[in-house]
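Each value in this text was obtained by applying a stated rule to the coordinates, not by laboratory testing. Treat the numbers as computed from the prediction; the structure is a model and nothing was measured. No Cβ is skipped: glycine too gets one built from the backbone with ideal geometry, and neighbour counts run over all protein chains shown.
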């Protein structure tokens, strides 16, 4: 078969699939062995001999390759290979063995056929398995590609951006996410300018949704914020000095009488664990000045990957009584505090009080140096250097510190084990296990819970190599020191 599929079409298809789990219900090895002889393909890692060993190491054990790595790997021919190789891969994405949601399959077929048509190909049903379609490619007369509308600058009007992201969310059936995107009133906050990154403007996009919808989101708020933020990064890819660094979902406010507000204040202060903390996660108060709130929010979203729930105050500092009570409730119930030490940190009326509260009640305080050094009681704590590092790197160092320090290790290990027990997919189970493997001297009570999860959670015991790694973790943790 000749090579008619252009690089432009391949790029467009790759972008259309950017939010999709390519392997569906399978892992990378099982999926790719249906198309390739992985033991016959060479390794790109000097430690191994075959592509199969590469994938096991970097996808199943460490998960340090990008989700769409295969499109750039010359061994699999998707970038520069024949049309037949590329089309066979697309057909396999739709196979019933990999994907069971027929609405999702139909949507993917429609999208891919729209992009393949100008190059003279179409995916059609060629067979059936258990009543489900099996697709293959056929030649068609090339069709002209429809003119695409000119994109709108998100700074002028973010609504077209939300509509695009909502369309992408349809591909993986994220119904709540779609509802948020389609019902939200977007608010783009004034940007924060960061000259450490060569002069970049960072925006926070706030999505104000109806209170009833916000209530239905429950503890999924942070996860949905993160998914929307990731999709926006895909849509706005390319060189730019303007970035949406964080997405916040907030409920629209309901007018109340002062008496009703007082009732709300009392009820919140009485809760053992305030509603804003993600259930079962490590509770980390993020202290920052108002001018640094976008980066603080971005840090909170990165920390959620480590089962760390961050509290970030977003109102202008002169809060009303209700907002002040929220901050007090967060300080009373936190496990630890991280202080983002910027040059104007000391000038704030609130940050010093937050740090003082934490030290006064014996909570661990971790300073992050972002253009200034810790002072006062924090001057003897080295903390983390934040200048010249990405938010993701700072989040990872924060995790490393909290899982090592005796004052915070116990609560964080509890959160990691709880997250592992609730793993909802093979990949999530593998990611959660990696976090546990980075810890040391896990208490026996938590080790027993890990053992139970390995026997009872199908997503844990069915994930490639996880049970073997759990057994190794248990052996190492139980060796007397």
At q = 0.23, 0.24 Å⁻¹, what is the base-10 log of I(q)/I(0) for segment 1-74 according to the Debye formula with one equal point scatterer per Cα and no solvent? Please give it to two decimals.
-1.17, -1.21
So, in nm, how far is label residue 208 from label residue 167 when the simple model puts each one 7 Å beyond its Cα toward the Cβ?
2.7 nm
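Take peptides 458-466, 413-421 and line them up by average Cβ neighbours within 10 Å, highest first, as a rough protection proxy.
Values: 458-466: 18.2, 413-421: 21.8.
Descending mean neighbour count gives 413-421, 458-466.
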Rule-of-thumb check for the chain: C-alpha Rg over 2.2 N^0.38 Å?
1.08
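Which ordering of 423, 348 is given by a fewest-first count of other beta-carbon atoms within 10 Å?
Values: 423 21, 348 17.
Lowest to highest Cβ neighbour count: 348, 423.
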Whole-angstrom Cα spans of segment 157-254 along principal axes, big to small
41, 33, 24
Helix-only [θ] at 222 nm, the chain, -39500 (n - 2.57) per DSSP H run of 4+, per residue, nearest 500, equals -13000 deg cm²/dmol
First measure r as the distance between the Cβ atoms of residue 47 and residue 385, then evaluate 1/(1 + (r/R0)^6) with R0 = 41 Å and state the FRET efficiency to the nearest 0.05.
0.85
Whole-percent pair-distance distribution, where bins are 10 Å wide, for the alpha carbons of segment 410-481
22, 61, 16, 1
Calculated on alpha-carbon atoms, Rg and Dmax of segment 7-139 in Å
15.0, 45
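If R₀ is 60 angstrom, what is the calculated FRET efficiency for the pair residue 175 and residue 475, using the beta carbon separation as r and rounding to 0.05?
Values: r = 43 Å, r/R0 = 0.71.
FRET efficiency, residue 175 to residue 475: 0.90.
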Taking 0.36 nm per residue of separation and subtracting the Cα-Cα distance, what length does fully extending residue 39 through residue 241 add?
68.3 nm
When only C-alpha pairs under 8 Å and at least 6 residues apart count, what is the relative contact order of the chain, in percent?
9 percent
Provide 377, 311, 276 in ascending order of the number of other Cβ atoms located within 10 Å of each residue's Cβ, fewest first.
377, 276, 311
How high is the FRET efficiency from residue 461 to residue 219, r the C-beta distance, R0 25 Å, rounded to 0.05?
0.50
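Can you put 226, 156 in order, fewest other beta carbons within 10 Å first? Write out the running numbers ahead of the final one.
Details: 226 17, 156 9.
So the ranking, lowest neighbour count to highest, is 156, 226.
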